[in-house]
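*Asks:* My structure is below; once you've seen it, I'll send some questions.
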Amino acid sequence: MAHAYTPGLKVVETALVRKQRRLPLAGEVLVAKGDRVEALDVVARTFLPGNVETVNVANKLGMPPEDIPKFMLVKEKDAVEANQIIARMKQLFGLFSSWATTPVAGTIETISAVTGQVIVREPPMAVSVTAYLDGEVVEVYDNEGVDVECTGTFVQGIFGIGGEVHGPMLTLASSPRDIVTADEIGPECEGKVLLGGSLATAEALKKAIAVGAVGFIAGGFHDRDLRDFLGFDLGVAITGHEELGVTLVVTEGFGEMPMAQATFDLLASCEGILASLNGATQIRAGVIRPEIIIPREGKVMAKVGVEEDEGSNLEVGSRIRAIREPYFGWLGEATSLPVELQTLESEAKVRVLGVKFDDGTEDIIPRANVELIESGRG
């Protein structure tokens, strides 16, 4: 049977998922290989150097830089409080004095008789890395971090915003075509990951934030709502660092787009189970997909993480999603994979595939315009 490599989104009922949890710089690993961990457990921590503030003591005291050491009230490595006087000079028989204070609390790092400046470093900032998953520590990297592995449902989205969150699944939509309104989101949604249908409206997201929901999953999201919701233009940078109060994962694309039935049924079957959600998305080189991971037992159908296969096979009969116009977001099935290059209207020669979309439409489109939906339903 003909086949070809194409990038794809994974929708797997039971996958072996491994996630690498690393510190931004060397620190301390708090768990050992074989330990069982929960999503919010801290597995590693370190301290980032604090910011520095410069105090021009020579200027404040009105003296040459080389004279400031004898008027300092503190020395290097001393701890200081915000607005503490660190240098003083008395003038006119002690009747008048001038002084210099530090704008922040921290530690005196440098007193320079060359520049006349004092550098104060703020306290170090603690950085912790959590397990992110309920699972087992399967690898430890000394002073760096760990790999955590679990068995569970794994679903990738096409776009997301917001970082890592955790909460039990709560299904609000009755079908993948439903639109969940703000009125349907109440106090019972606090701390939950909400499963919607075809559209996440800006009003619904704002209501989700207001009641304390941590996540929202839907088929589509209007691009016109994106800037209003974020408060800025997203551009092409990686998402996931937004502090919005809720993490959004879109499974199909922009606009009102019914969630794939298999994806909706799979997520709805996880009602009440703790889910780990990450909206981080990067669509340039080094693609990062938003993801939903729901630990639960079952027969492993795929691997996700450091041991996963590097490629995916597109075959006749494979489920695909179009990722460019005029069929953006449409779902269908590959019907043919011609070997010969074909010439497009632009006169470019590319590899193509035949596709039959779910509404019965058939066409020949470039393979670069689709991605494979890797499904692992039992």
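The values are calculated or read from the model by the stated rules, or taken from the named source; none is laboratory data. Since this is a predicted model, take the numbers as computed values, not measurements. Note: ideal-geometry Cβ built from the backbone for every residue, glycine included; neighbour counts use all protein chains shown.
*Asks:* Could you check Val300 against (1) assigned to a loop (DSSP other than H, G, I, E, B); (2) more than 22 Å from Glu139 (Cα to Cα); (3) modelled with pLDDT of 80 or more and say which number it fails?
*Replies:* (2)
*Asks:* In the range 177-195, which residues are without any contact (Cβ under 8 Å) to a residue 60 or more places away in the chain, closer than 20 Å to Gln261 by Cβ and not β-branched (Val, Ile, Thr)?
*Replies:* Matches in the range 177-195: Asp178, Leu194.
*Asks:* Being surrounded by fewer than 18 Cβ atoms within 10 Å (Cβ to Cβ) and either out of contact with any Phe, Trp or Tyr (no Cβ under 6 Å at 6 or more places or on another chain) or aliphatic (A, V, I, L, M) (or both) is the filter here; which residues of the range 123-135 pass it?
*Replies:* Pro123, Met125, Ala126, Val127, Ser128
*Asks:* Which of the residues that make up the range 26-37 are in contact with an Asp or Glu (Cβ under 9 Å, 6 or more places away or on another chain) and exposed (fewer than 14 other Cβ atoms within 10 Å of the Cβ)?
*Replies:* Within the range 26-37, Ala26, Lys33, Gly34, Arg36 meet the criteria.
*Asks:* Taking the range 303-320 as the search range and keeping residues that are assigned to a strand (DSSP E or B) and either under 21 Å from the mean Cα position of the chain (by Cα) or at pLDDT 80 or above (or both), which one is surrounded by the fewest Cβ atoms within 10 Å (Cβ to Cβ)?
*Replies:* Glu315
*Asks:* Do any helices (runs of 4 or more DSSP H) lying entirely in the range 187-281 carry at least 1 residues that are in contact with a Cys (Cβ under 7 Å, 6 or more places away or on another chain), and which ones are they? Walk me through how you get there before you give the answer.
*Replies:* Details: elements: 202-211, 223-230, 261-268.
Helices (runs of 4 or more DSSP H) meeting the threshold: 202-211.
*Asks:* Still on this model: Pick out the one residue from Thr239, Thr247, Thr201, Thr251 that is β-branched (Val, Ile, Thr), surrounded by 17 or more Cβ atoms within 10 Å (Cβ to Cβ) and more than 18 Å from the chain's Cα centre (by Cα).
*Replies:* Result of the check over Thr239, Thr247, Thr201, Thr251: Thr201.
*Asks:* When only residues in the range 155-172 that are out of contact with any Lys or Arg (no Cβ under 6 Å at 6 or more places or on another chain) and in a strand (DSSP E or B) count, which is surrounded by the most Cβ atoms within 10 Å (Cβ to Cβ)?
*Replies:* Ranking the qualifying residues of the range 155-172, first place goes to Gly160.
*Asks:* Related question: What pairs come up if the first residue lies in the range 342-358 and is in the same structural domain as Leu372 (by TED's automatic domain parsing), the second is of a type in the set (Ser, Thr, Tyr) and at pLDDT 80 or above, and their beta carbons are under 6 Å apart, counting only those six or more places apart or on different chains?
*Replies:* Partner pairs satisfying both residue conditions: Lys349/Thr343; Gly354/Thr335; Gly354/Ser336; Lys356/Thr335.
*Asks:* While we're looking at this one, here's another question. Have a look at Phe71, Phe47 and point out the one that is more than 30 Å from Arg319 (Cβ to Cβ), touching a residue at least 60 places away in the same chain (Cβ under 8 Å), of a type in the set (Phe, Trp, Tyr) and not assigned by TED's automatic domain parsing to the domain that holds Ala262.
*Replies:* Values: Phe71 fails: touching a residue at least 60 places away in the same chain (Cβ under 8 Å).
Result: Phe47 is the single residue among Phe71, Phe47 that is more than 30 Å from Arg319 (Cβ to Cβ), touching a residue at least 60 places away in the same chain (Cβ under 8 Å), of a type in the set (Phe, Trp, Tyr) and not assigned by TED's automatic domain parsing to the domain that holds Ala262.
*Asks:* Every residue in the range 322-348 that is modelled with pLDDT of 80 or more and either surrounded by 15 or more Cβ atoms within 10 Å (Cβ to Cβ) or not in a loop (DSSP other than H, G, I, E, B) (or both), please.
*Replies:* Ala322, Tyr327, Trp330, Leu331, Gly332, Glu333, Ala334, Thr335, Ser336, Leu337, Gln342, Thr343
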